[in-house]
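A.B. asks: I am attaching a structure below and will ask some questions about it afterwards.
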Amino acid sequence: MKALFKRHKSGNQKLHVEFSRLGGAVGDNARTFTDEIVLFTRKRAPLIGVRTWKDIHDDVKQSIASDILVIIFACV
């Protein structure tokens, strides 16, 4: 929700996110970006009978990752 508010406030659909050379998000919008990815993943990952990320089937992990990449590259 915070990401939507920031995008609306700036008048742009894109959330400006910077990445370190190690690949992690940094800067003012790093936390917002991370929160949005976490919410996206939680909506798509099965929660019943799953204790850790290792317990989620690889097909589900691949589906989540590809959906996130599609959204990220669509926003670029």
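The values are calculated or read from the model by the stated rules, or taken from the named source; none is laboratory data. These numbers come from a predicted model, not from an experiment. Neighbour counts are summed over all protein chains in view; Cβ atoms, including those assigned to glycine, are modelled from backbone coordinates with ideal geometry.
A.B. asks: Look through Ile68, Ile72, Ile56 and report the one residue that is surrounded by 10 or more Cβ atoms within 10 Å (Cβ to Cβ) and modelled with pLDDT of 80 or more.
C.D. replies: Numbers: Ile68 fails: modelled with pLDDT of 80 or more; Ile72 fails: modelled with pLDDT of 80 or more.
Result of the check over Ile68, Ile72, Ile56: Ile56.
A.B. asks: For the range 8-39, which residues satisfy the criterion of being at pLDDT 80 or above and assigned to a helix (DSSP H, G or I)? Don't jump to the end; show me each part of the working.
C.D. replies: Of the residues in the range 8-39, the ones at pLDDT 80 or above are 17-39.
Within the range 8-39, Ala30, Arg31, Thr32, Phe33, Thr34, Asp35, Glu36, Ile37, Val38, Leu39 qualify.
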